[in-house]
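The values are calculated or read from the model by the stated rules, or taken from the named source; none is laboratory data. If you're wondering where the values come from, they're calculated on a predicted model, not measured in any experiment. FYI the Cβ positions are ideal-geometry reconstructions off the backbone, even for glycines, and counts take in every protein chain you see. Surface areas here come from the heavy atoms of the whole protein model, side chains and all, with no ligands, DNA or RNA. Shrake-Rupley method; radii C 1.70, N 1.55, O 1.52, S 1.80 Å.
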Amino acid sequence: MHIEPKRRRERPVSGAFSSDTGGNGRPENSVRRFRIRLQLSEILVTFAGRTGALPPDCLSTIYRNAMPLDTSIKSVLIIGSGPIVIGQACEFDYSGSQAARSLREEGIKVTLINSNPATIMTDPLVADRVYLLPLTAESIEQILEENEIDAVLPTMGGQTALNLAKEVEELGLWEKYKVRLIGVDIKAIDKAEDRDLFRNWMLEMNIPVAPARVANSMLEGKEYAQEIGIPLVIRPSFTLGGTGGGFVKSKEELEPALEAGLKASPIHEVLVEKAVLGWKEFELELLRDVNDNVVIICTVENFDPMGIHTGDSITVAPAMTLSDTAFQLMRNTAIDMMRNLGNFAGGCNVQFALNPETEEIIAIEINPRVSRSSALASKATGYPIAKVAAKLAIGYTLDELKNQITQTTSAYFEPALDYVIVKMPRWNFDKFKGADDTLGLQMKSVGEVMAIGRTFPEALQKACQSLENNATGLTSISRSQMRPEELIDYLKRPTWDRIFRIKEALQAGISIKTIRELTQIDRWFLYQIQDLVALEQKIQAYQHLDKLPVDLLKEAKQMGFSDEQIAELVKDCTAEEVYEKRKAAGITRVFKMVDTCSAEFEARTPYFYSTFETASQSS
């Protein structure tokens with residue numbers, strides 16, 4: 001999607017400069033040199049376009065020299081995310097590694113601190129200097145004493161890095177060592193992460209939020225709970241993965257929930273908020289540059305309704321059930337939030353809740369950093385969010401950077417998806433006997449898989465097959481089959497295997513209306529699962545592989561059924577025999593590109609996913 005970029009305007013740049021700045025925050029000579037380079041570039045590019053006199057490499061060099069990159073930054077410190085824990089794992093290793101490489105491409109020396117040696121980012125080849133130290137203010141000061149650091153990039157290490165950057169700022173260490181924050185400043189962090197500041201900010205912008213009050217003590221919490229009314233959600237400030245958060249559905253649950261939330265928050269603060277249970281949840285991944293240019297990289301929809309942490313929910317991209325009017329409202333609201341955030345350049349994650357009956361939306365939160373979802377969005381779209389975000393942090397604008405996959409178009413575009421992505425979490429409750437497997441606000445999954453398909457059913461089945469829990473697709477993974485009345489009772493509680501039980505309920509004849517009322521999952525998703533059930537029943541009707549029609553076999557493969565899954569349904573053959581039959585019938589995999597642009601432009605470095613569509617002539 002082409003977007004007209006905003007023109008670059010002179011903006012103050014944080015950090016110390018000499019007094020010869022001309023009043024605009026940049027050294028006067030630097031601004032003059034940039035303007036001269038830009039005018040020369042425009043003349044040469046115009047001449048080249050008319051005559052073909054300059055080769056592409058030369059034009060690229062001209063543009064690069066004209067770019068107003070902040071040349072005062074010679075050395076950057078990247079803060080890692082620390083130990084791999086639930087809610088903050090290898091996604092931030094991915095982001096930090098990409099950011100380090102991106103900065104080193106610009107000739108910037110990268111120093112990196114992380115306490116976890118089992119990461120790619122701590123490999124000596126990734127950064128110029130790596131510190132395996134505890135993520136504390138003392139460690140940061142040691143690094144600042146031993147190195148000449150110009151700037152720190154705290155947006156690649158999750159909540160841990162943001163909290164540490166804030167702590168170091170409060171101790172005055174950044175100012176003491178003349179180090180500036182790039183990508184985000186402390187005011188923007190507070191605005192987004194402090195629940196009270198965020199709520200007041202949203203109200204100032206006339207963006208709806210759920211009724212809520214901020215409490216700093218048990219007494220305040222109880223008072224506000226009585227004022228707002230049950231059901232409630234308790235959200236601690238400055239925590240990751242929903243740590244300390246919880247629902248209050250009865251008076252008896254209020255005191256334990258408040259105690260847990262206040263204890264989890266590093267500033268002893270919680271938001272006592274009206275729970276919007278049953279609303280749909282959406283996430284938008286965005287990028288913003290110093291000129292306020294904003295692009296939406298990916299819109300992600302949660303399969304599960306509000307009330308389940310997005311890290312524990314199956315998620316789908318692009319959004320499947322969002323109307324155009326609701327999408328445009330969500331999109332415009334997210335862009336307004338990004339532009340009003342303050343001093344920020346890089347990747348950001350915005351979360352909304354949507355009333356499925358009225359399409360009213362409310363803002364849940366904004367993360368002023370690359371998030372766990374950013375890694376998913378990068379792989380889903382082919383757009384390297386962390387890599388681009390690092391370049392935006394040092395002064396580049398989106399229209400000055402190239403699309404990494406096409407190599408010819410600008411990075412100032414919104415990726416187009418002609419496929420469906422399904423992310424499915426992975427839990428290990430079997431290793432924690434006695435643990436509560438009810439899903440809620442606090443993230444419990446220990447990993448996730450991502451699958452790509454041409455349709456939602458195909459991608460969903462491929463995700464199920466990747467979970468390493470013996471699922472051959474969306475099939476029963478439990479030896480015990482429940483009776484219909486047991487299923488109805490079981491589906492009331494969100495659990496890790498609920499999607500498998502939903503399919504079981506449909507097979508048992510339980511209506512979509514009933515399942516919708518029990519789970520609050522959108523009907524569209526339930527109808528898609530029902531299509532899989534109907535196709536299974538068609539296959540089961542043929543009790544011999546030889547009698548299975550080729551057209552039905554092809555339809556099954558296009559709906560994501562594995563050879564093993566088909567063999568289980570037919571029952572008189574093996575997966576190898578199913579493979580031989582479809583191979584003889586010409587039902588083989590074709591490979592489609594993830595190229596960010598739905599084949600609108602030639603892709604130089606795409607990657608591929610397999611499906612069972614008819615191959616195009618070009619392939």
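Leaving out ligands and nucleic acids, note down the accessible area per residue over the range 167-214 with a 1.4 angstrom probe, in whole Å².
With all protein chains present, the range 167-214 gives 51 Å² per residue.
I'd like the distance separating the alpha-carbon centroids of the range 472-495 and the range 278-357, in whole Å.
31
At what distance in angstrom do the alpha carbon centres of the range 256-271 and the range 166-217 lie from each other?
Using only Cα atoms, the two centres lie 18 Å from each other.
State, to one decimal in nm, how far the label point of His544 lies from the label point of Leu125, with both points 7 Å from Cα in the Cβ direction.
5.7
Glu486 to Asp572: FRET efficiency via 1/(1 + (r/R0)^6), r the Cβ-Cβ distance, R0 41 Å, to the nearest 0.05?
Values: r = 31 Å, r/R0 = 0.76.
E between Glu486 and Asp572, to the nearest 0.05, is 0.85.
How much solvent-accessible surface does Asp546 expose, in Å² to the nearest 10, with a 1.4 Å probe and all protein chains in place?
Using a 1.4 Å probe on the heavy atoms, I get roughly 140 Å².
Counting only the heavy atoms of the protein chains, how much of Met320 is accessible to a 1.4 Å probe, in Å² to the nearest 10?
Spelled out: Met320, probe radius 1.4 Å, area about 50 Å².
Given a 1.4 Å probe and every protein chain left where it sits, what share in percent of the accessible area of the chain is carbon and sulfur? Could the numbers behind the result be given before it?
Values: 13910 of 27580 Å².
C and S fraction of accessible area: 50 percent.
Which helices count as membrane-span-like in the chain under these terms: full DSSP H, at least 18 Å along the axis by C-alpha, Kyte-Doolittle mean of 1.0 or more? All intermediate terms of the calculation are to be shown ahead of the outcome.
On the way: long enough: 28-51 (35 Å, -0.15); 90-104 (21 Å, -0.73); 158-170 (19 Å, -0.55); 251-264 (21 Å, -0.50); 324-339 (22 Å, -0.25); 523-541 (27 Å, -0.03).
Answer set is empty.
Quick check on the chain: helices-only [θ] at 222 nm, where DSSP H runs of length 4 and up contribute -39,500 (n - 2.57) each and the sum goes over total residues. Nearest 500, please. Can you show the working numbers first?
Working: 21 runs with 236 residues, N = 619.
Roughly -11500 deg cm²/dmol at 222 nm, from the helical runs in the chain.
Per residue, how much accessible area does the range 431-578 show when a 1.4 Å probe rolls over the protein heavy atoms, in square angstrom?
Details: 7250 Å² over 148 residues.
Accessible area per residue, the range 431-578: 49 Å².
For the range 363-433 and the range 528-590, what is the centre-to-centre distance using only Cα atoms, to the nearest Å?
35
Mind listing the long-range amide H neighbours of Arg180? Cut-off is under 5 Å, sequence gap 5 or more, other chains count too, H placed in the peptide plane at 1.01 Å from N.
Ala151, Val152
Could you give the length gained by full extension between Ser598 and Val449, i.e. 0.36 nm per residue of separation minus their alpha carbon distance, to one decimal place? Each step should come with its number before you reach the end.
Values: separation 149, 0.36 × 149 = 53.64 nm, distance 2.31 nm.
Gain on extension, Ser598 to Val449, equals 51.3 nm.
With an 8 Å Cα cut-off and a minimum separation of 6 or more residues, compute the relative contact order for the range 125-188 in percent. Let's see the in-between values first.
Working: 40 pairs, mean separation 23.6, N = 64.
Over the range 125-188, the number comes to 37 percent.
If we restrict to alpha carbons, what Rg and Dmax does the chain come to, in Å?
Expressed in Å, the Cα Rg and Dmax of the chain come to 26.2, 85.
Using only alpha carbon pairs under 8 Å that are at least six residues apart, calculate the relative contact order of the chain and give it in whole percent.
Dividing the mean separation by the residue count of the chain yields 11 percent.
With θ set to phi - 60°, apply the Karplus curve 6.51 cos²θ - 1.76 cosθ + 1.60 along the range 445-455 and write out the HN-Hα couplings as whole Hz, x wherever there is a Gly or Pro.
Each residue's phi maps through the Karplus curve to give 6, 10, x, 7, 10, 10, 10, 10, x, 6, 9 Hz.
From the Cα gyration tensor of the range 435-546, with a ≥ b ≥ c the square roots of its eigenvalues, which class applies: rounded if a/c is under 1.5, or else prolate if a/b is larger than b/c, or else oblate?
Working: a/c = 1.56, a/b = 1.20, b/c = 1.30.
Verdict is oblate for the range 435-546.
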